[in-house]
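See below for the structure under consideration.
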Amino acid sequence: MAKVWARIRETIERHGVAGLLSVVGAAGSVPRESGARIVLQPDGSFYGSIGGGRLEYEAIAAARVALKAGRGAAQLRDWPLGPNLGQCCGGLVKTLTETFDHRDLAVVCRLEAAEKTGAFVTSSRLDDDGRIARVLAPPRAAGNDGEPARRPSAKTSFEEHFGEVTTPVLLFGAGHVGRAVVLALAPLPFTVRWIDSRPDQFPQFVPQNVVTVCTDAADRELAEAPRDAFVVVMTHSHPLDFDITVAALRRTFDFVGLIGSETKRARFASFARQMGLAEVDIDRLVCPIGIAEIKGKEPPVIAAALTAQLLIVSEQVSMVQPSPAIQPA
């Protein structure tokens, strides 16, 4: 859940108290890994998930008891999935339950401000009142997940990772498919820079993870894009598609996709060779876009196929280039 501390702050302001249920340890086969969280409200509603099923049902019930008792000490608990809960995955999940009220708002607001900037790490420990005290900290070296193997103590600290690591996407083209792609990416870990030279093509409202850019300076957009950006090209003009795609392939983006058929790809390859693009770079082009098993041509279907493909590539990139900042503790 990307907005943990925002949800906690809103819940405290609205209801006076809030609860946080976190997975802080996982062994074996489990529904969710460390870092999954639920923010609880006193009226029984909640945000987020730690994997569903009997585990989530029982853990939420226990957290609600703690929340009803009011602001108190943190509670660490082990959940053997097989013997105790009858879940076939059979692993072990460790949860941490915390309660908050208006006395915590200053700290919650500081963490919410950090959350707005993206992923961040806290150094966490148990304070004298049995509550978790957190300070912002840089990530430790890779391989140190910082999980509290036992009940946290005042003498030991552990890392927690909050916020959302997103993949930047440069989407060229605000036509029907572009609109469908923007909607498909809205709830997912992507930030979209939506680019078109026609100001009347953008809708009045766009999702929070989207920035619209009206410009014909595609080269500048590509030059200023981060190295880990994905590039998707689907403008209203084939020559413009080709120019943008050639410029994108001259850089080493992890994904460059061009909407179109195999015939369009063949034409692009011929054009790219004339422009002096190396064969190895031409081979990196993804065209047609989307996972091959989805054949539909309707804009929402194309968007769904492309979104699935981007998620696959994003996971592959994260496995090849691991970062301690994105390993939840």
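The values are calculated or read from the model by the stated rules, or taken from the named source; none is laboratory data. Just so we're clear, the structure is a prediction, and the values are computed from it rather than from any experiment. As a convention, Cβ positions derive from the backbone with ideal geometry for all residues, glycine included, and neighbour counts pool all protein chains shown.
Numbers below:
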| item | result |
| --- | --- |
| Candidates R37, R71, R64, R32 - the one that is of a type in the set (D, E, K, R) and closer than 23 Å to K116 by Cα | R37 |
| Complete set of residues in region 278-300 that are loosely packed, with under 11 Cβ neighbours inside 10 Å and within 14 Å of I259 (Cα to Cα) | A292, K295, K297 |
| Residues of region 265-291 classified as within 16 Å of F255 (Cα to Cα), of a type outside the set (D, E) and free of Cβ contacts under 8 Å to residues at least 12 places away in the same chain, total | 1 |
| Single match in A36, A106, A119, A74 (criterion: of a type outside the set (S, T, N, Q), surrounded by 15 or more Cβ atoms within 10 Å (Cβ to Cβ) and at pLDDT 95 or above) | A74 |
| Odd one out for A184, checked against (1) modelled with pLDDT of 95 or more; (2) surrounded by fewer than 20 Cβ atoms within 10 Å (Cβ to Cβ); (3) not acidic (D, E) | (2) |
| Residue in region 160-181 that is surrounded by the most Cβ atoms within 10 Å (Cβ to Cβ), counting only those that are aliphatic (A, V, I, L, M) and at pLDDT 95 or above | V181 |
| Region 39-53 residues that are crowded, with 17+ Cβ neighbours inside 10 Å, paired with ones that are outside any loop (DSSP other than H, G, I, E, B) and among the polar types (S, T, N, Q) (beta carbon under 6 Å, 6 or more apart) | Q41/T11 |
| Among residues of region 182-208, those that are among the charged types (D, E, K, R) and assigned to a loop (DSSP other than H, G, I, E, B), counted | 1 |
| Condition met for V211 (outside any loop (DSSP other than H, G, I, E, B) and in contact (Cβ under 8 Å) with a residue 60 or more places away in the chain) | no |
| Residue in region 185-197 that is touching a Cys at 6+ places or on another chain (Cβ under 8 Å) and more than 27 Å from T117 (Cβ to Cβ) present | yes |
| Residue within region 41-64 that is closer than 19 Å to D129 by Cβ, of a type in the set (A, V, I, L, M) and modelled with pLDDT of 95 or more present | yes |
| Selected residue (only one of D216, D200, D243 is without any contact (Cβ under 8 Å) to a residue 60 or more places away in the chain, touching a Ser or Thr at 6+ places or on another chain (Cβ under 8 Å) and either within 20 Å of L285 (Cα to Cα) or surrounded by fewer than 19 Cβ atoms within 10 Å (Cβ to Cβ) (or both)) | D216 |
